[in-house]
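Input: a single structure, listed below in structure tokens.
The values are calculated or read from the model by the stated rules, or taken from the named source; none is laboratory data. Remember, it's a predicted structure, so these values are computed and weren't measured experimentally. Please note: Cβ atoms are built from the backbone with ideal geometry, for glycine as well, and neighbour counts cover all protein chains shown. SASA here: full protein model, heavy atoms, side chains in, ligands and nucleic acids out. Shrake-Rupley method; radii C 1.70, N 1.55, O 1.52, S 1.80 Å.
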Amino acid sequence: MSAPPLLDVRGIARRLGSHQALDDISFSLASGDILGIIGRSGAGKSTLIRCLSGLERVDGGSITVEGTEITALSETALQTVRQRIGMIFQHFNLLSAKTAAENVMLPLLIAGWPKRRREERVAELLDLVGLGGQAKRYPHQLSGGQKQRVGIARALAASPALLLCDEATSALDPETTTSILALLDDINRRLGVTMVLITHEMSVIRSLARKVIVLDHGRIAEQGSVAEIFGAPRSDVTHSLLRGFRPELPDHLAAALRPEPFPGSAPLFRIDLAGENARGTLLFDLAQSFRVRPVLLHGGLQDVRGVAVGSLFVALADAGAAPVDAILSFLLGRSQATELLGHVVPSA
Amino acid sequence: MLSLLLDLLWQSLLQTLEMTFAAGAVSLLLGLPLAVLLVTTDRQGIRPIPPLNLVASWIVNAVRSVPFIILLIILIPVTRLIAGTSLGTEAAIIPLSIACIPYYARIAEVSLREVDRGLIDAVRAMGGSRWTIIRHVLVPEALPGLLSGFTVTLVTLIGASAMAGAIGAGGLGDLAIRYGYQRFETNVMIAVVIVLIALVCLIQWLGDRLAARLGHR
């Protein structure tokens, strides 16, 4: 499996005035994969996706789509490559003077499809996105979710290899967001379309992405699989973006935490788990190996794209004799990350 | 006497309509492409050509800054060259058109600029050429505004055509000045004003209806 990547980004940079919007961004994406790019507003997400679609030029580096380096192309040559790239937008960007069907048909007109095939394809796409009966409606007659469905059908019309989603669900209510994300996931599975989505919402990443890039001030702060990012975030930005998505130590426990052991105290560990090690006999093994009593004070596991990911807050009672360093290295070997938070009175 | 007045009114109305709609058609046909040129060659446009944009903009400003009555006189040689004469209703269509092309171009330019950039991006992102963007985005999305602007232009042309009476173009304005003002026939003046009001209301009403029908917002 060493097929060339569908999308290969090498050290791209982009300045907007005196502001370095993008700096040394590199990544590659295999065909059929889904990459989520997350960051706070102003992190450079929009600029990045506009560069990927060739809507904006880069100042340095290269972007290669299906073996064609788009950064070197003229505007006219780019037009052909862009037919291989679909794009959906936060505010849908549907043409208000055209019906749903006419909007979906435009990329096919551009690609020069004959009339009969265009009409067949449009009907097929509207069915795919669940809008079979809405072909003749104008965008203003459709709900936000329906508009985005038209946007998705339009983006997929000319069978692109790459689908770029620019905050595709940010203007939608939670329920509609869920249905649009499910639709995109379904399209990825059924058609094998490679996707790059940018968002500021971790929930979107959790339900759709397989790989994640965290952007901060125009640079990649962190990248990895979605389970790695949720399971053991390393950068501060990721931690702050994940607030509310990962179990945190409750305030009353945090307040009771002391840096040094004291009579009756037990060391408290934060154990970040993902995948295999979240399903093991970790606590049992810990009790067996070190003759301690693991007391579960807090924690949680969630399913992230089929991988169990989460954190446990475990105090080790009766650890008086046990070497904390040895326990820590044992835990580090069995988890994504483990941290000794301090010492508390275990309430059990 | 009444039948003579009605006959005069009818003749003048036809002349006014001829000047207004002929010059209106020319303004639309040439003013709209000029507006598209002004928008697309702009620094932020889809085909930036700043020098061309500057020249086009300067010409538009130059023509628009000359009062119509003066333009009418300046253009007499041009009119004579094209129409063979500088007198009469048909001849007046030429200076009226030349005055109204930049006028409509500026109005249309405003509507074209209001088209959401996101829509242009969407069509660029699907591989659309500049021509596709003009044909499928800029003009259709701005259509209600382009039409309202055209209505405004027609109404302005009705007013301007009155001045064309100065070069013997006839029309309602000419009738009002010659009979109503110079011969103190107040009833002619009143009749002309009533016809003008009715005409403007009718054009505005039709324009508004058409713009509303074409707008899908």
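Annotations
- Only Lys, Arg, Asp and Glu carry charge here, each on its Cβ (+1 for the first two, -1 for the last two); on that basis chain B has a dipole of about 560 debye about its Cα centre.
- The GNM of chain A, with springs linking C-alpha atoms under 10 angstrom apart, assigns the highest mean-square fluctuation among A:Ala256, A:Ala232, A:Ala319 to A:Ala256.
- Förster radius 22 Å - calculated FRET efficiency between B:Val193 and B:Thr85, Cβ distance, rounded to 0.05: 0.15
- Over all pairs of different C-alpha atoms, the protein assembly as shown has a mean inverse distance whose reciprocal, the Kirkwood radius, equals 28.9 Å.
- Annotation for segment A:132-163 versus segment B:16-61: alpha-carbon center distance of 34 Å.
- Ordering B:Ser161, A:Gly299, A:Ala326 by Cα displacement along the dipole of the protein assembly as shown toward the positive end leaves B:Ser161 in first place; charges were set at the Cβ atoms of Lys, Arg (+1) and Asp, Glu (-1).
- Sulfur and carbon atoms: percent of accessible area, segment B:2-215 [1.4 Å]: 70
- Placing a pseudo-label 7 Å from each Cα along the Cα-to-Cβ vector at A:Ser31 and A:Ala255 gives an inter-label distance of 5.9 nm.
- Once the partner protein chains are put back, segment A:94-111 shows a loss of at least 20 square angstrom of accessible area, versus the chain by itself, at A:Leu95, A:Ser96, A:Ala97, A:Lys98, A:Leu106, A:Pro107, A:Ile110 (probe 1.4 Å, ligands and nucleic acids excluded).
- Think of a 1.4 Å ball rolled over the protein heavy atoms: the protein assembly as shown then has 46 Å² of accessible area per residue.
- Amide H to amide H distances under 5 Å link A:Ser311 with A:Leu273, A:Gly300, where only residues 5 or more positions off or on other chains count and H is placed in the peptide plane.
- Cα-Cα separations in segment A:105-208 greater than 21 Å, expressed as whole percent: 34
- Taken one residue at a time, the phi angles of segment B:134-139 give Karplus couplings (6.51, -1.76, 1.60, θ = phi - 60°) of 5, 6, 9, 10, 4, 5 Hz. Gly and Pro are set to x.
- Built amide H within the under 5 Å cut-off of A:Leu341, gap 5+: A:Leu268, A:Phe269, A:Arg270
- At an R0 of 35 angstrom, the distance between the Cβ atoms of A:Asp186 and A:Lys115 translates into a FRET efficiency of 0.75.
- The B-A contact accounts for approximately 2000 Å² of buried accessible area, totalled over both chains at a 1.4 Å probe radius.
- The stretch between A:Leu340 and A:Glu248, if pulled fully straight at 0.36 nm per residue, gains 31.7 nm over its current Cα-Cα span.
- The angle between the Cα long axis of helix A:115-128 and the longest principal axis of the Cα atoms of chain A comes to about 20 degrees, rounded to the nearest 10.
- Two-site FRET efficiency, A:Leu296 against A:Ser240, from Cβ-Cβ distance with R₀ of 22 Å, rounded to 0.05: 0.25
- Contact order normalised by residue count of segment B:2-215, Cα under 8 Å, 6+ apart, percent: 28
- Accessible surface of segment A:190-314, 1.4 Å probe, proportion on carbon and sulfur as whole %: 52
- Threshold 40 Å² - residues in segment A:39-66 whose accessible area is reduced by that much or more when the chain is no longer isolated, probe 1.4 Å: A:Leu55
- Dividing the summed -39500 (n - 2.57) terms of all DSSP H runs of n ≥ 4 by the residue count of the protein assembly as shown sets its mean residue ellipticity at 222 nm at -16000 deg cm²/dmol.
- Chain-alone versus full-assembly comparison, segment B:172-217, residues with accessible loss of at least 40 Å² (1.4 Å probe): B:His216, B:Arg217
- Given charges at Cβ of Lys, Arg, Asp, Glu: segment B:2-215 dipole, positive-most of B:Ala23, B:Thr79, B:Ile46: B:Ile46
- Protection proxy ranking, highest mean first, for peptides A:116-124, A:77-85: A:77-85, A:116-124, where packing is the per-residue count of other beta-carbon atoms within 10 Å, averaged.
- Each peptide in A:217-226, A:182-191 was scored by the mean count of other Cβ atoms within 10 Å over its residues; highest first, the order is A:217-226, A:182-191.
- With all protein chains in place and a 1.4 Å probe, the accessible surface of segment A:30-80 carries 47 percent carbon and sulfur.
- Taking chain A and dividing mean pair separation by its residue count, relative contact order in percent (alpha carbons under 8 Å, at least six apart): 17
- Taking every residue in B:137-145 and counting other chain Cβ atoms within 10 Å of its Cβ, the average works out to 2.
- Across chain B, Cα-Cα distances exceeding 30 Å account for 33% of all pairs.
- Farthest positive-ward along the protein assembly as shown dipole, Cα basis, beta-carbon charges - from A:Gly145, B:Ile203, B:Ala105: B:Ile203
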